[in-house]
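S.K.: Before we start, here is the structure in question, set down as C-alpha cells.
The values are calculated or read from the model by the stated rules, or taken from the named source; none is laboratory data. These numbers were taken from a predicted model, which means no experiment stands behind them. Positions of Cβ are backbone-derived with ideal geometry, glycine not excepted, and every protein chain shown enters the neighbour counts. Ligands, DNA and RNA are excluded from the accessible area calculation, which covers all protein heavy atoms including side chains. Shrake-Rupley method; radii C 1.70, N 1.55, O 1.52, S 1.80 Å.
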Amino acid sequence: MEGGKEKDAYRKACGIIEMDPSDLKKLGAWRNTNVKVTSPHGSVIVKAVEATQGPHPGLGYIPMGPWANSVTDPNTYSTGMPTFKGVPIEVEIAMNEPVLSSIELVQKKCRGEI
Amino acid sequence: MTKSVTDVICPFCGTLCDDLEVVVSDDGKTIVDVYNACAIGAEKFMHAQASGRVTRPRMQQPDGSYKEVSYDEAVEYTAQMLAKSKKPLMYGWSSTSCEAQSVGHEIAEQVGAIVDNTATVCHGTTLLAVQDVGIPSCTLGEVKNRADRIIFWGCNPCHAHPRHMSRYSIFPRGFFTNKGHKNRKMIVVDPRNTDTAKMADIHFQIEQGRDYELLSALRVALRKEVLPDTVAGVPKEKIYEAAELLTSGRFGIIFFGMGVTQTLSKNHNIDEAIMLTKDLNEFTKFSIMAMRGHYNVTGSGQVLGWQFGYPFCVDLSRGFARYNPGETSSNDLLRRGEVDAVFVLGSDPGAHFPISSVKKISELPSVAVDPHITPTTEVAKLHVPVAFVGVEVGGNCYRMDNVPIDARKVVDPPEGVLTDEEFLTRVNKRVKELMEA
Ligand code: SF4
C-alpha cells in the first residue's frame, strides 16, 4: 500500500473480508454489508465482499493489515512467527457499525477504547 | 523541459526491478512520470511527492496529539531512550539501505539491543528451515534463461510481485527458453483461486493449512509409491500427473510465499518444500526461492549475517550475539513484555503485527522512523520522517535472489529532511557520548 496508509484507499482495500457467496447467503448478508468478525483473539468491523478469487465456501480472507491483525493468533509456537492464517472466526452482521481507518483502529485498540 | 533518469531501481518489492525510467522536472525536484514500473511501483514514486507530507519530527503529547519538534530534539530523545533502556528492540530494517542498516547495528551493539527485521513475520520460518536442511537456490537470471517448470506455492505474484512473471519467471524469452511462456509449465498451489492460479497449467486448490501433506505426497509420487485417494483435498491422479510434469522438465523452480510460511506448520512446510526440491534433483535440475516482500529484507538478513552471524532475531543485550527465534523474536519479546523501548525503522509493525503486540509498543517509549504516516508512527511516542530510499537517496539493496543492486537517487528530498543514514549516524554519535559519560 504505497499510496499511503492514512488514506481511505487503504481502508477500502484491506478493511474487508472476502467471503464465498454461499456463506454470505447463510449469513443473510448482502454484498458490501459491514460485519463483525470475531476470533478467540479479538474482533473487528470490516466490510463483507464477495470473494473475487474464489470459490471457497467456509473460508474468509482479510488482506494483511491492522484489520486482519485484530483477529489473528499472536502465538508463535516458539518460531517467532505469529499464526496469521487459519484462524477460526465467527462473522455476524453489524450493519450500523463503521469500518474504522487503519490509524483510528490501531489507536483505539491501543488505548483500549474498543 | 523535463529530463529523464534511466535504469532506476524500484524500491518496493523484492523483485527490485532495475529498468525504470523516471521523468523529473528541470529543477530536479518533482517527479513527472514513471515508466516501466507496475502500478504499485509507480505509486511509490508518485506518493513520495504527495502534498501534505510530514517533513519534521513529531512528538506525541499527553492528549495523544502530535507536536512538531526539531531533528536535534528527535536525535536527543532517540539516543536517550536507547542509552537508558536495558533491553531495547530495534525492529524493521527492510525498507532501507544496507548502509543505514549497518549504522543501526552499530547503535544496537553499543546499547545492547535486539535487532530484528520483518522476516520475523514473513520469511523467518524460511530462514529456520534453511538452517535445518540447507537450500538449493539460483538467481532470477537463471530462472529467466533456463526454467521450464515453475511452481508458485502459497504466493500470488500477480498482486504482490506484479512484474515477477513478466521479467523473470513466466513470460520472458531467455537463452534456453526462447518461446517464453510456451516453454514453461506453471503449477500454482493455493487454497484460493487467485489471479495467479487462473493462469496456471495446474492449480492445486488445497485445503487451507495442508501444505505439508501435499508436499509429502509429491515426494511419495516421485518415488512411485502408493497414495491415498485424496491428499489435502487434491485427487491422487493429479498429484501423480504433477510429479510426472515436474520430472520431465529441464530446470524447475519452486517460488513460495506467505501461504506456506504463515500457516501452522511454518518452518516444517519449508523443510519439506526444500526436501522436495532435493528429491527432484534426482531427476532434473531444481531450485527453490522465497518470494521476499520488502525490497531490502534480504539485505537486512545479509548485513546481520555478515556482522553477527544470524539473519534476524539477533540479541546483543549480553554483549555478544545470541539467536533464538521464539525467544529473541519481536512478537515473543513484546508478548512477554521483555523489552523496555522500541525503535522502528523501515517497517510498519502497527499494521503487520497482531494487535496485542502493537498495544505493547504503544505503551513503551518508542520511536518510528518512516517517510510515511503509518499506524506505527501514530502510536509511537516520536515519529521521525526521513527521505525515501531509492527515490530521494541511493543505497545498496538485495534482490530476493540475494543479488545486490545499488538503488539510485532520482530527486532531492524535501528541504531539511534527513535520510535514514544521516539520522542514524547522528543518533549513533550521541549514543556514544552518552554511553561514555
Ligand atoms: S514488480 Fe516490484 S520492483 Fe518491479 S516495479 Fe513492481 S513493485 Fe517495483
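S.K.: For the protein assembly as shown, with every protein chain kept in place, what is the accessible area per residue (1.4 Å probe, Å²)?
M.R.: 39 Å²
S.K.: To continue, here is another question. For Cα pairs less than 8 Å apart in space and 6+ apart in sequence, what is the mean separation divided by the residue count of region A:1-82, i.e. the relative contact order in percent?
M.R.: Value for region A:1-82: 34 percent.
S.K.: Is it possible to state the helix-based mean residue ellipticity at 222 nm for chain A, with each DSSP H run of 4+ residues giving -39500 (n - 2.57), the sum divided by total residues, to the nearest 500 deg cm²/dmol? What is it?
M.R.: -6000 deg cm²/dmol
S.K.: Would you check region A:1-106 for Lys pairs whose C-alpha atoms are within less than 27 Å, ignoring same-chain pairs closer than 8 in sequence, and give me the count?
M.R.: Final tally of qualifying lysine pairs is 20.
S.K.: Here's a follow-up. Count the lysine pairs in region B:124-290 that are 8 or more places apart or on different chains: how many have C-alpha atoms under 14 angstrom apart?
M.R.: Taking region B:124-290 as the scope, the lysine pair count is 6.
S.K.: Grab the beta carbon distance between B:Asp27 and B:Asp406, set R0 = 25 Å, and tell me the FRET efficiency rounded to 0.05.
M.R.: The value I calculate is 0.55.
S.K.: Counting only DSSP beta bridges with both residues in chain A, tell me the antiparallel percent, nearest 5.
M.R.: Of those bridges, close to 75 percent are antiparallel.
S.K.: Interface B/A, total buried accessible area with a 1.4 Å probe, nearest 100 Å²?
M.R.: That pair of chains buries around 3800 Å² in total.
S.K.: Work out the mean other chain Cβ neighbour count within 10 Å for the residues of A:101-108 and drop it here as an integer.
M.R.: Mean shielding by partner chains, rounded to a whole number: 5.
S.K.: Please check: in the Gaussian network model of chain B (C-alpha springs, under 10 Å), which one of B:Pro62, B:Pro191, B:Pro375 has the largest mean-square fluctuation.
M.R.: B:Pro62
S.K.: Follow-up question, since we're still on this one. At a 1.4 Å probe, which residues in region B:334-363 are at least 30 Å² less accessible with all protein chains present than in their chain isolated?
M.R.: Output list: B:Arg335, B:Ala351, B:His352, B:Pro354, B:Ile355, B:Lys359.
S.K.: Near B:Lys87, which lysines are there with a Cα under 22 Å away, not counting those fewer than 8 places off in the same chain?
M.R.: The qualifying lysines are B:Lys359, B:Lys360, B:Lys381, B:Lys429, B:Lys432.
S.K.: So what is the relative contact order for region B:124-290, in percent, with contacts set as C-alpha pairs under 8 Å and at least six apart?
M.R.: RCO, region B:124-290: 31 percent.
S.K.: Which percent of Cα-Cα pairs in chain B sits in each 20 Å bin, short to long?
M.R.: Distribution as computed: 25, 53, 21, 1 percent.
S.K.: Can you check what the net charge comes to around B:Lys359, using other residues whose Cβ is under 10 Å from the Cβ of B:Lys359 (Lys, Arg +1; Asp, Glu -1)?
M.R.: Cβ neighbours under 10 Å give a net charge of +2.
S.K.: Of the peptides B:387-393, B:141-147, B:245-251, B:317-323, how do they stack up when ordered by the mean number of other Cβ atoms within 10 Å, highest first?
M.R.: Top of the packing list down: B:387-393, B:141-147, B:245-251, B:317-323.
S.K.: Considering only DSSP states other than H, G, I, E and B, which GluC sites (Glu not before Pro) in region B:208-305 qualify as loop sites with at most 10 other Cβ atoms within 10 Å?
M.R.: Answer in residue order: B:Glu225, B:Glu282.
S.K.: List for region B:15-50: residues with 30 Å² or greater reduction in accessible area, all protein chains versus chain alone, probe 1.4 Å?
M.R.: The answer is B:Glu43, B:His47 - residues whose exposure falls by at least 30 Å² when every protein chain is included.
S.K.: At a 1.4 Å probe, what is the % contribution of carbon and sulfur to the accessible area of region A:46-94?
M.R.: In region A:46-94, the share of accessible area belonging to carbon and sulfur is 54 percent.
S.K.: If you don't mind, there's one more thing I want to ask. Which percent of the accessible heavy-atom area of region B:1-66 goes to carbon and sulfur, probe 1.4 angstrom?
M.R.: Answer for region B:1-66: carbon and sulfur cover 50 percent of the accessible area.
S.K.: OK, next. Just to confirm the filter: which chymotrypsin sites (Phe, Trp or Tyr not before Pro) across region B:123-199 are DSSP coil and have at most 11 other Cβ within 10 angstrom of their Cβ?
M.R.: Taking region B:123-199 and a limit of 11 other Cβ atoms within 10 Å, the loop chymotrypsin sites (Phe, Trp or Tyr not before Pro) found are B:Phe175.
S.K.: Just want to confirm a number: the relative contact order over region B:2-47, from Cα pairs under 8 angstrom separated by 6+ residues, in percent.
M.R.: 33 percent.
S.K.: Could you report the accessible area of B:Glu21 in Å², rounded to 10, computed with a 1.4 Å probe on the protein chains as they sit in the structure?
M.R.: Here the residue's solvent-accessible area equals roughly 60 Å².
S.K.: Tell me, what is a quarter of the convex hull surface for the C-alpha atoms of region B:2-47, in nm² with one decimal?
M.R.: Average of the hull's projected areas for region B:2-47 equals 2.8 nm².
S.K.: Can you work out ³J(HN,Hα) from phi for every residue in region B:20-30, in order, using Karplus 6.51 cos²θ - 1.76 cosθ + 1.60 and θ = phi - 60°, giving whole Hz and x for Gly and Pro?
M.R.: Rounded to whole hertz, the list is 6, 10, 10, 8, 10, 5, 4, 7, x, 9, 10.
S.K.: So what is the diffusion coefficient of chain A in µm² per second by Stokes-Einstein at 37 °C and 0.692 mPa s, using a Kirkwood Rh over Cα pairs?
M.R.: 226 µm²/s
S.K.: Within the protein assembly as shown, what percent of beta bridges assigned by DSSP are antiparallel, to the nearest 5?
M.R.: Beta bridges within the protein assembly as shown, antiparallel portion: roughly 50 percent.
S.K.: Moving on. As a test of the formula, what do you get for chain B when each DSSP H run with n ≥ 4 contributes -39,500 (n - 2.57) and the sum is divided by the residue count, at 222 nm and rounded to the nearest 500 deg cm²/dmol?
M.R.: Roughly -10000 deg cm²/dmol at 222 nm, from the helical runs in chain B.
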